[in-house]
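The values are calculated or read from the model by the stated rules, or taken from the named source; none is laboratory data. A quick note: this is a predicted structure, and the numbers were derived from the prediction, not measured. No Cβ is skipped: glycine too gets one built from the backbone with ideal geometry, and neighbour counts run over all protein chains shown. SASA here: full protein model, heavy atoms, side chains in, ligands and nucleic acids out. Shrake-Rupley method; radii C 1.70, N 1.55, O 1.52, S 1.80 Å.
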Amino acid sequence: PSGSVPSKVRREIQQAIRSSASPEQLAASIQSFEQVVTKAPGSVWAARAGVTLGSLHAATGDHEKAQRAFEEVLAKYSAYHELCGTARLGIAKIHESAGRMDEAVAMYEELAGRHTWTDAGLAAPMYIAHLRREQGDGKRRAQAYDRAIHFYQELIPQAPTIPAKVQAQDYLVAAYQRRGRWFEAIDTLQKLLKEPNGVNRPRVLLELGSI
């Protein structure tokens, strides 16, 4: 809990967040967050500092240290679900930037499975298909879109809120379109129009008209 963290430590976090991205300031920020991890072990502040350390190391190009920092968050702070989602996303991005696409895809799949209703988790299946498309791998791209379709079809009935359901339906429509399944895309858009709220109706109608 934040109450267990001294105000001096909180000020260090805020100062580090405000710092610009020069090499010297990045180094100072890294040192500040390392102190937070040391001074407040087991707290949400240490978990946040660990995630920020991963991001800062990634910003300096030290992907090995960045991945270690993210993995430490996953190992020690599993209770902080949202922060673990950010850490998994960070690891996926590191693999992606290094060209390790199979490892990146595996981490995006884990993100979708463990953090389904976060923005990143919900988008992950479509992003995997995008990666396969960027690779020029037609077969794996098609398989990724098919998996995304199945993912969203299974997910939509379980949506915790109307906005989450609408977002999942949006992704489902996009996946149908990528696979040329136009009638299913139209049917999903028509279902969107029947939602009581949370739908951008003019956009949906424009999309229906474009199909």
0 to 90° range, to nearest 10: angle between helix 63-76 axis and the chain longest Cα axis: 90 degrees
Backbone HN-Hα couplings from phi across region 105-114 [Karplus 6.51/-1.76/1.60, Hz, Gly and Pro as x]: 4, 4, 6, 5, 5, 5, 4, 5, x, 9
Near-label residues of region 150-191 by backbone N, under 14 Å of a point 7 Å along Cα→Cβ of LEU206: none
Rounded to 10°, Cα long-axis angle of helix 182-193 versus longest principal axis of the chain: 70 degrees
Stretchable slack from ALA106 to THR60, in nm (0.36 nm times residue separation minus alpha-carbon distance): 14.1 nm
Separation of the ALA98 and HIS130 label points, Cα + 7 Å toward Cβ, nm: 2.2 nm
Distance between modelled label sites at THR38 and ALA75, nm, 7 Å Cα→Cβ extension: 1.9 nm
Cα gyration tensor category, rounded, prolate or oblate, for region 146-211 with a/c compared to 1.5: oblate
Whole-Hz couplings from phi, Karplus 6.51/-1.76/1.60, listed for region 82-90; x for Gly and Pro: 5, 5, 5, x, 5, 5, 4, 4, x
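Go ahead and estimate [θ] at 222 nm for the chain from helices alone: -39,500 (n - 2.57) per DSSP H run with n ≥ 4, summed, over the residue count, rounded to 500.
Counting only the DSSP helices, I get -25500 deg cm²/dmol.
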Between 0 and 90°, nearest 10: helix 23-39 axis offset from the chain longest Cα axis: 80 degrees
Extension reserve of the PHE183-ARG114 stretch, reckoned as 0.36 nm per residue once the Cα distance is removed: 21.7 nm
Calculated over the chain: convex hull of Cα atoms, volume per residue (Å³): 152 Å³
Within the accessible area of the chain (1.4 Å probe), percent carbon and sulfur: 52 percent
Heavy-atom accessible area per residue - the chain, 1.4 Å, Å²: 54 Å²
